[in-house]
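Participant: Have a look at this one before I ask anything.
The values are calculated or read from the model by the stated rules, or taken from the named source; none is laboratory data. Small disclaimer: the values here were computed from a predicted structure and weren't measured. All Cβ positions, glycine included, derive from the backbone under ideal geometry; neighbour counts span all protein chains shown. For the accessible areas, the whole protein counts, side chains as well, though only heavy atoms, and no ligand, DNA or RNA atoms are used. Shrake-Rupley method; radii C 1.70, N 1.55, O 1.52, S 1.80 Å.
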Amino acid sequence: MYASREDIGYDFGDDSKVGSKPVKPNPNIDGGWAWMIVFSSFLVHILIMGSQMALGVLNMEWLEEFNQSRGLTAWVSSLSMGITLIVGPFIGLFISMCGCRLTAIIGGILNALGWILSAYASNVHYLFLTFGVTAGIGSGMVYLPAVVMVGQYFQKRRALAQGLSTTGTGFGAFLMTALLKYLCTEFGWRNAMFIQGAISLNLCVCGALMRPLSPKDLSEKSVVRSNSEDNRAKALSHSTETVKSNGVLGDEPEKKEEATNEDVLESIQHIEIGGNSGSGRNMYGLRMFKTVSQMTLTVRKGFALWYSSYFGAASLFTNRVFVAFIIWALFAYSSFVIPFIHLPEIVKQYNLSRQDNVFPLTSIIAIVHIFGKVILGIISDLPCISTWNVFLMANFTLVTCILTLPLMQTYVGLAVVCALIGFSSGYFSLMPVVTEDLVGTKHLANAYGIIICANGISALFGPPFAGWIYDITQKYDFSFYIAGLLYMVGIIFLLIQPCIQKKQPRQKSTEEAQV
């Protein structure tokens, strides 16, 4: 059932040739500075995802301040959460051009600016622009590099590393909720947002820690992964040749372009060396021209990679399993967000507010969610365990819990289901790992940007859709049933595509035999 990069049919050049030579791995891969990258990503999840899960505190303040409807005010939080993920594909372009470090630093400044400007909001529509759009885009510019860098620095412990870094979401939900409550009580919501903006500037520090790996280190990591995946593929029933027709992302055009670019820069350098006896003004002009040329070539190369990934003949969309993964992402994230939004109202309807005040159900989800990410990451890193199978089993568990939650009308029953929701939703830490297995490290930024964009659409429209269903039926039951059924459709897409691809080589061999 597992689909590796070779199973998807992506060929990354001369890996087989390089793999025949002994490769000395970089000590920072799976160790050394790699753990600083995990720490940086952990802080990013606390400051971004944790803050977004604590926006209920500010939402109450906005309701009292602006006297607008609950639906209109809720769009401020939805825009911030949705845009953070929806801008993923465009952030992939920034990463291709500028790298993860610079992208994250700019995003940290933009996120802090959104918080600070929101402190001067005069109405809800002002918050749409400052907090929903500005802070949301800034969050997206930091979040995607934080995930991509962990994937680049880890080979053997990828799932564990992603699990540890994303536990910052659960810790942040607790820390930021307590912090915002305290700041709003002591200083008011406007000063609280101003202070939170100052705290968000630490995202720039997190971005500065994202030291990029050299192209040589990335190629060595790809060789190690290619060899390990070849050994794993031999033990699986999938044939590598089954999906070769889906498209090949080769490196030869890029190599030719790099050679041409290097020739241009070398010619400039020769002119610069030969012209040492010339005037200082001419030398300064040559250096400026060289700098501009390097920047132009970097931008062109980054845009070419981004464009080919999305729209080229060998784009990511020619990978049918990856397309099925996108369809799954469109329905999955809302099933996790909807309980956070509507559980308090369900508890109130069932007259369970007293028990919920002692230990809130949403807190149960957040706490177990932390352990779920770490445990699922450890299990997935075991050599005899398939990450893909763990990912699917966690999805089946989560969709079962979503469908059964409306049937529970006691606090104990709801607590058990919420604990299972929190644990099974730990598969979020496996999403970058699965994505990287499908498309490779080189295309991880663009591919994962598409996945989180689909998640953002789900987060943006899922909760309002559930509220609309409640307005029609006056029950939350149907909201969970519909969300669960749509989620199941996405899982079925993940199951169907590998089965279709497994049958293709048999049909092809039959046709060749007839010829």
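Participant: Tell me the residue from S80, S96 that is farther than 18 Å from Q152 by Cβ and of a type in the set (G, A, S), please.
Facilitator: Working: S96 fails: farther than 18 Å from Q152 by Cβ.
Within the list S80, S96, the selection yields S80.
Participant: Looking at (1) open to solvent by 30 Å² or more (accessible area, probe 1.4 Å); (2) polar (S, T, N, Q); (3) closer than 17 Å to V147 by Cα, find the lone condition where Q68 falls short.
Facilitator: Every condition holds for Q68 apart from (3).
Participant: Within the stretch 96-110, how many residues turn out to be on the phi < 0 side of the Ramachandran plot and open to solvent by 20 Å² or more (accessible area, probe 1.4 Å)? Quick ask: steps written out before the conclusion?
Facilitator: From the stretch 96-110, those on the phi < 0 side of the Ramachandran plot are 96-98, 100-110; that's our starting set.
With the extra rule that they be open to solvent by 20 Å² or more (accessible area, probe 1.4 Å), the set shrinks to 96-98, 101-102, 105-106, 109-110.
Selection size over the stretch 96-110: 9.
Participant: Identify, from the list I452, I421, I469, I378, the residue that is open to solvent by less than 50 Å² (accessible area, probe 1.4 Å) and modelled with pLDDT of 85 or more. Working first, answer last.
Facilitator: On the way: I452 fails: modelled with pLDDT of 85 or more; I469 fails: modelled with pLDDT of 85 or more; I378 fails: open to solvent by less than 50 Å² (accessible area, probe 1.4 Å).
Of I452, I421, I469, I378, the one residue that is open to solvent by less than 50 Å² (accessible area, probe 1.4 Å) and modelled with pLDDT of 85 or more is I421.
Participant: Could I ask something else about it? What do you reckon, is V23 open to solvent by 10 Å² or more (accessible area, probe 1.4 Å), in a loop (DSSP other than H, G, I, E, B), among the β-branched types (V, I, T) and at pLDDT below 80?
Facilitator: Values: open to solvent by 10 Å² or more (accessible area, probe 1.4 Å): yes; in a loop (DSSP other than H, G, I, E, B): yes; among the β-branched types (V, I, T): yes; at pLDDT below 80: yes.
The answer is yes for V23.
Participant: Is at least one residue of the stretch 302-313 at pLDDT 75 or above and either under 25 Å from F461 (Cα atoms) or crowded, with 22+ Cβ neighbours inside 10 Å (or both)? Walk me through it before giving the result.
Facilitator: Within the stretch 302-313, the subset at pLDDT 75 or above is none.
No - not one qualifying residue is present in the stretch 302-313.
Participant: Counting residues that are open to solvent by 10 Å² or more (accessible area, probe 1.4 Å), of a type in the set (G, A, S) and assigned by the TED database to the domain that holds H45, which helices (runs of 4 or more DSSP H) fully inside the stretch 111-193 reach at least 1? Break it down stepwise before answering.
Facilitator: On the way: elements: 124-127, 136-153, 158-166, 168-187.
Qualifying helices (runs of 4 or more DSSP H): 168-187.
Participant: Which condition number does T441 fail, the rest of (1) assigned to a helix (DSSP H, G or I); (2) open to solvent by less than 20 Å² (accessible area, probe 1.4 Å) being met?
Facilitator: (1)
Participant: Now a separate question. Out of curiosity, is V358 aliphatic (A, V, I, L, M), open to solvent by 50 Å² or more (accessible area, probe 1.4 Å) and modelled with pLDDT under 85?
Facilitator: The answer is yes for V358.
Participant: Now for a separate question. For G413, indicate whether it is open to solvent by less than 10 Å² (accessible area, probe 1.4 Å), without any contact (Cβ under 8 Å) to a residue 60 or more places away in the chain and over 18 Å from the mean Cα position of the chain (by Cα).
Facilitator: Numbers: open to solvent by less than 10 Å² (accessible area, probe 1.4 Å): no; without any contact (Cβ under 8 Å) to a residue 60 or more places away in the chain: yes; over 18 Å from the mean Cα position of the chain (by Cα): yes.
Against the criterion (open to solvent by less than 10 Å² (accessible area, probe 1.4 Å), without any contact (Cβ under 8 Å) to a residue 60 or more places away in the chain and over 18 Å from the mean Cα position of the chain (by Cα)), G413 does not qualify.
Participant: Also: Taking the conditions exactly as written (farther than 29 Å from V147 by Cβ and part of a helix (DSSP H, G or I)), does P432 satisfy them or not?
Facilitator: Working: farther than 29 Å from V147 by Cβ: no; part of a helix (DSSP H, G or I): yes.
The answer is no for P432.
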